[in-house]
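Visitor: My questions all concern the structure below.
None of the figures in this text is laboratory data; all of them are computed from the coordinates on show. Computed from a prediction, not measured in an experiment: that's the story for all the values here. Glycine gets a Cβ as well: all are built from the backbone with ideal geometry, and neighbour counts include every protein chain shown.
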């Protein structure tokens, strides 16, 4: 159960329920923006999930970069919000995998530090936005909505 008393679904469970409803014709709503959030800081992940969920977003958030990689390989997202410095798989590797699977996904990278060589690498993979930590949640919410248009 999550904080508001609803049953919490994992990313896989969420997409399975969504797909089943879609196949039966029982899912009818305005298409939501699909957002992937991968950040190894649990509080930031939770905060982004809550903040973006108040908008027209379906959010899958994980603190495990290997789960993020699996989700990237399995599903299509409109926007991905990724931390750069994570282990065992860093944000740059997630960006590369995302671009190999889906060139239309908009990417927002977040980090407290960005070296010049990483900036050049980001340009090569057409990252849409870079936001430095600490950041205002409203800024990320606005950028997600802007990029998803």
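Visitor: Just from the alpha-carbon atoms, what are the Rg and Dmax of segment 92-143 in angstroms?
Guide: Using the Cα atoms of segment 92-143, the pair Rg, Dmax is 11.4, 30 Å.
Visitor: Classify segment 31-95 from the C-alpha gyration tensor, please: rounded if a/c falls under 1.5, else prolate or oblate depending on whether a/b exceeds b/c.
Guide: Oblate, because a/c is 1.5 or more while a/b does not exceed b/c.
Visitor: How far, in nm, would the chain grow between residue 136 and residue 102 when pulled straight, counting 0.36 nm per residue and subtracting the alpha carbon separation?
Guide: 9.5 nm
Visitor: Shape call for segment 32-148 from the C-alpha gyration tensor, a ≥ b ≥ c root eigenvalues: rounded (a/c under 1.5), prolate (a/b greater than b/c) or oblate?
Guide: Rounded.
Visitor: Right, here's the next one. Ordered by packing density, taken as the mean number of other Cβ atoms within 10 Å over each peptide's residues, highest first, how do 77-83, 106-112, 94-100 rank?
Guide: 77-83, 106-112, 94-100
Visitor: Here's a follow-up. In what sequence do 116, 58 fall when counting other Cβ within 10 Å, fewest first?
Guide: By the 10 Å Cβ count, ascending: 116, 58.
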